[in-house]
Amino acid sequence: MLLAIDVGNTQTHMGVFSGEELVAQWRTCTEGARTADELALTFRQLLLMNDLSFPTQIQAVAISSVVPTLTAALREMVERYFGFSPVVIEPGTKTGMSILIDNPGELGADRICNSVAAYSLAGGPLIVIDFGTATTFDVIGQRGEYMGGAIAPGVQVSADALAQAAARLPRIELLPPRTVIGRSTTESVRSGVILGAAAMVDGMIERITGEMKGEPQVVATGGLAPLVLEHCTTKSRFEATLTLIGLRILYQRNV
């Protein structure tokens, strides 16, 4: 079995694959100061919840991480407790995808995973949107080449920044607004943050499409994706485990 670990800035998404089937998955808060021993304890407990053995049933580990301190701790944890080296998505990893940006080494591991997985599922041309700490747009050409992308503040980040910068605006629970025209401060913030994000997504897709050859499909992922996509006019395909699927594919290409 393969243990796939996607470390984001806010959350860490983990899953276990048996062949191509995702048989278990979990999410935890990302804590950059955790040690290899603490991580080992966490993984052991999560695996036991699904009747999986920590040292014997996991034969491989693949890691995508945007938090360098945790990348090092995870690498140490796998080598010490599993007894082998993980496949870490980093510069030099075989992706099977031409990356046509000025500095390919600066492309985040999660964006590589998303792009590889989305192209495998849907082909090109393609726009991949990840609704995480940041809302990222990745553009894949007809032949599977990575063309570039865009990065915007995430939905939760926008809401938190607004509450922090404006003394009289509250922190809100991210729920769908009942109307565009809010009749309370809370509803007004929900309208602006969520419907504003949806309008941004529609506008970015339109602008990106204008610079591409052909009509791209849109594949979206990320915990907040359903909240925003519900209000978008552009059709898209939602894949909740896209990054984990990309980790599985990239693991297979590198062993």
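If R0 is 22 Å, the Cβ-Cβ spacing of residue 150 and residue 253 corresponds to a FRET efficiency of close to 0.25.
Region 15-83 and region 107-154 have their alpha-carbon centroids 25 Å apart. Each Lys and Arg contributes +1 and each Asp and Glu -1, all at the Cβ; summed about the Cα centre of region 14-69, the dipole is approximately 100 debye. Each residue, residue 181 and residue 165, gets one label point 7 Å from its Cα in the Cβ direction; the gap between the two is 2.7 nm. Residues whose amide H lies under 5 Å from that of residue 88, counting only those 5 or more places away or on a different chain, are 63; hydrogens are built 1.01 Å from N in the peptide plane.
Coordinate-derived values only; no laboratory data. Bear in mind the structure is a predicted one, so any value in this text is a computation, not a measurement. Cβ coordinates were reconstructed from backbone atoms using ideal geometry, including for glycine residues, and neighbour counts include every protein chain displayed.
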